[in-house]
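Worksheet for the structure shown next.
The values are calculated or read from the model by the stated rules, or taken from the named source; none is laboratory data. The shown structure was predicted, so the numbers you read here are calculated from the model rather than taken from an experiment. Here Cβ is always computed from backbone atoms with ideal geometry, including for glycine, and neighbour counts include all displayed protein chains. With ligands, DNA and RNA removed, areas are computed over all heavy atoms of the protein, side chains included. Shrake-Rupley method; radii C 1.70, N 1.55, O 1.52, S 1.80 Å.
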Amino acid sequence: MPTTLFNSFLTSLATIKFTDVLDILVVAFLIYRVIIMIRSTRASRIAKSIVLLLVATWVTGLAHMYSLNFILSRILELGFIALVIMFQPELRNFLEKMGSRSIKEILGGKEEERPMSAAVTAVVTACESMSKSRTGALIVFERKILLDEYFKTGTLLDAIVSDELLRNLFFTKAALHDGAVIIRQARIAAAGCVLPLSENTHLSSDLGTRHRAGIGMSESSDAVVVIVSEETGTISVAVGGMLKRHLAPRTLERLLMNELVADQGEQRPARLYDRLVRLFSKKGEKHEK
């Protein structure tokens with residue numbers, strides 16, 4: 001029996017054509033892009049609800065619960081239209097990005113090591129200056145978990161991260177100084193944002209709202225949050241619900257580089273674009289021979 005199955009597998013494998021492999025790669029790429037698009041906390045919760053509805057519909061079908069199965073099926077049909085309406089801004093943004101990129105950028109993505117390094121340097125310089133003047137600051141570096149839901153609480157921006165801009169945003173009399181600045185892909189995406197406060201009851205009593213918001217943000221996402229105390233001028237960083245306090249500018253820079261740039265600098269696996277180029281190159285070489 002195992003031998004028969006193995007022989008059947010080899011026979012099926014021999015019938016696979018190049019177009020079949022390309023078809024699988026394209027579908028896998030599209031699924032990957034959809035997962036990237038819905039990985040924000042709000043979208044991930046909706047995705048979980050959809051999965052639960054699908055499972056419930058399947059189970060009720062197996063159990064011959066026709067009335068409930070009919071209702072769930074209609075909910076799923078209407079839910080698809082609702083999702084398109086709900087995620088209209090994200091879909092439009094995704095299509096705009098697709099249209100503005102080259103084929104290599106779409107398939108492989110862009111390297112952002114240098115912009116992120118420059119952003120980290122600008123943040124460290126600004127924090128050092130604000131620490132001396134005892135200007136409170138709350139700066140969030142977005143990572144894999146998207147923070148779109150917090151953008152709505154502030155003002156949307158699309159600006160290069162600079163020392164001067166950060167100090168102006170957190171200037172005491174500035175309109176957005178009380179909220180947080182969110183940095184996405186080495187650019188300031190929003191300012192004046194309201195962050196969730198930490199629910200940890202064991203935090204030190206001397207931590208104010210700014211520190212509790214920074215810790216809360218790091219608890220609910222994988223973001224790296226930089227905090228400058230208005231009372232003492234001390235610089236802190238919150239990562240994974242843990243707060244590292246009293247950081248010197250050099251220590252802050254090293255920590256941010258390790259958290260935000262080091263992973264990007266590691267050797268990445270070959271991208272889809274490069275693989276396709278190599279595959280077509282090999283086929284061309286075979287034909288020439």
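Observations
- Shown is the FRET efficiency for L68 and S8, computed with R0 = 30 Å from the Cβ-Cβ distance and rounded to the nearest 0.05: 0.15.
- Other residues within the sphere of radius under 13 Å centred on the Cβ of T57, judged by their own Cβ, net out at 0 (K and R +1, D and E -1).
- Residue pairs, from the table K132/K152; K132/K173; K17/K144, whose Cα atoms sit over 24 Å apart: K132/K152; K17/K144
- Our coupling estimate for the range 150-163, obtained by passing each phi through the Karplus curve with A = 6.51, B = -1.76, C = 1.60 and θ = phi - 60°, is 8, 4, 5, 7, x, 10, 6, 10, 8, 10, 5, 6, 9, 4 Hz, Gly and Pro reported as x.
- Solvent exposure ordering (accessible area, 1.4 Å, most first) of T15, T135: T15, T135
- Low-density loop positions, trypsin sites (Lys or Arg not before Pro), the range 193-249 - DSSP coil, at most 12 other Cβ in 10 Å: none
- Theoretical FRET efficiency, 1/(1+(r/R0)^6), r = Cβ-Cβ of T234 and T172, R0 22 Å, to 0.05: 0.80
- Three-way shape label, the range 150-258, alpha-carbon gyration tensor, a/c 1.5: rounded
- Computing Rg and the Kirkwood Rh from the Cα coordinates of the range 113-208 gives a ratio, Rg/Rh, of 0.97.
- Split the accessible area of the range 119-204 by element, probe 1.4 Å, and carbon with sulfur accounts for 53%.
- For peptides 18-31, 188-201, sequence by mean Cβ density within 10 Å, most packed first: 188-201, 18-31
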